[in-house]
Amino acid sequence: MLTLQLLPAREGDAIWVRWGSADVPYQMLIDMGTQETGTELRERISALPEDQRAFELIVVTHIDRDHIGGLLSCLVDAELLPGFTAKDFWFNGFAHLDGLKPQGEFESMGAVQGERLSRWLDKQNWNKQFAGEAVCCENKLPLPYRDFEGGMRLTVLGPTAKRLSELKSVWRKEVEAALKKTQQSTASEGLERMGTSSHRTLENKAALADLAEQQLARDNSPANASSIALLLEYQDTRILLAGDAFSTDLKESVQLISPDQPLELTAFKVPHHGSRRNLCKALIESVNCRFWLISTDGSRFQHPDDEAVARILIHSKHRPATVGFNVRSEFNEKWDSDDWRQKFDYCTTYGNAEDGLSLKFQGGSILVTQ
Ligand SMILES: [Zn+2]
């Protein structure tokens, strides 16, 4: 069995993956959400018997606070959690941006919180499965992969070494923003989406197609571009976990693996919480995906963008297009419409505020368990 739980993580990602036997599964986390999410994650881990707190892997896809914040509050800034172990942490720190590995006592991350994080990471197994070097790939085959106990494989689809090096000049600023203690929503962040209403009228398929063609500007954040993007394979299930990666970068990696036809995917956690800047038609058409997953409650950035959801519904090769939202919000509930589902040929699933969205993959079927 394989299960994927997209936990409620505010505007971010916190994905708990379990595989193997249902009683004592192997487990890993892909991102840990915001600092608030980390506190909740700690409670979830604490609720497990001590002998079930071992993780095969924890991945922090990139430095942004909605992905790394939870690592601080759950583990770095908290007491040792009895029984908790992680065989490896995949995270690209400052030295990795140069293609080096962290040397000496500890790596400097350029901010007080960052120093604490690197001190802590230095005591863990940090990118151990990559001999301490960066978790990254080149834009050519073979893409690096690692096999895990229980028969799970992760293939690295991004970032490239070039994308890591581009993060260097803004690293300090990004770390400071990511690791700040206080949560603050700034006016400028909210402005990105002002004017888009929570409700929307879509008369017909032409209107949906028109929406899909709007706002085509691309993401230009070096931090997002540095996201560790992974292809998870377990038995007959294949899931793309994209962090906040760039649409075009993902498409290039997907086409490397499957140059002649769309890559068959069981599920796809789309990049950057369904931002219109990270989901282009070419990426959507490069896969044949049964279940599109979006993780965000709409905090701060009011994701997902309507244009991005419209693109999925219009361009999804697999029909009907099925979209799963980890929690219901004023920004995604408009898609919960019988009229639209019928008119536009799609299905929706919403997780709940408590546990998010849980999917179970077995024998070719996908079950929503929460
Ligand atoms: Zn994010």
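Some observations on this one:
- Taken along its principal axes, the alpha carbon cloud of region 326-370 reaches lengths of 31, 26, 11 Å, longest axis first.
- Positive-end ranking of N92, F246, G356 along the dipole of the chain, with charges on Cβ about the Cα centre, is headed by F246.
- Descending principal axes extents, region 201-352, alpha-carbon based, whole Å: 38, 32, 31
- Placing a pseudo-label 7 Å from each Cα along the Cα-to-Cβ vector at R146 and D260 gives an inter-label distance of 3.3 nm.
- Largest accessible area first, the residues I257, I294 order themselves as I257, I294 under a 1.4 Å probe with ligands, DNA and RNA left out.
- Along principal axes, Cα extents of region 271-370, largest first, whole Å: 37, 34, 27
- Computed from Cα atoms alone, the Kirkwood hydrodynamic radius reported for the chain is 20.6 Å.
- For the residue pairs K123/K162; K205/K317; K87/K180; K128/K180; K281/K343, alpha carbon separations beyond 23 Å are given by K123/K162; K87/K180; K128/K180.
- Dipole magnitude of the chain, debye to nearest 20 (Cβ charges: Lys/Arg +1, Asp/Glu -1, about Cα centre): 460 debye
- For the chain, a Gaussian network of Cα nodes joined below 10 Å ranks E285, E176, E50 by mean-square fluctuation, and the top entry is E50.
- Summed residue charge, Cβ within 12 Å of E133's Cβ, Lys/Arg positive, Asp/Glu negative: +1
- Rounded to two decimals, the Cα radius of gyration of region 200-259 over 2.2 N^0.38 Å is 1.50.
- Here is the tail figure for region 1-110: Cα pairs spaced more than 24 Å apart come to 25 percent of all pairs.
- Around the amide H of G158, modelled in the peptide plane, lie the amide H atoms of A229, all under 5 Å away and 5 or more residues distant in sequence or on another chain.
- Under a Gaussian network description of the chain, with springs only between Cα atoms under 10 Å, the residue in N326, N139, N224 that fluctuates furthest is N139.
- Note that region 267-327, at 10 °C in a medium of 1.306 mPa s, gets a Stokes-Einstein diffusion coefficient of 140 µm²/s from its Kirkwood radius over C-alpha pairs.
- GNM top mover of L97, L121, L80 - the chain, alpha-carbon springs below 10 Å: L80
- Each pair of Cα atoms in region 227-301 enters the Kirkwood radius, and Stokes-Einstein at 20 °C and 1.002 mPa s then converts it into a translational diffusion coefficient of 172 µm²/s.
- Note on exposure: T201, T61, T348, T85 ranked by accessible area (1.4 Å probe, complete protein assembly) read T201, T85, T348, T61, with the most exposed listed first.
- Proximal aspartates and glutamates to K360, defined as alpha-carbon separation beneath 15 angstrom and excluding residues fewer than eight positions away on the same chain: D23, E233, D236
- Net charge of Cβ neighbours under 13 Å - reference V170; Lys, Arg +1; Asp, Glu -1: 0
The values are calculated or read from the model by the stated rules, or taken from the named source; none is laboratory data. Only a predicted model underlies this, so the values are computations on that prediction, with no experimental measurement involved. Reconstructed Cβ throughout: ideal geometry from the backbone, glycine too, with neighbour counts over all protein chains shown. With ligands, DNA and RNA removed, areas are computed over all heavy atoms of the protein, side chains included. Shrake-Rupley method; radii C 1.70, N 1.55, O 1.52, S 1.80 Å.
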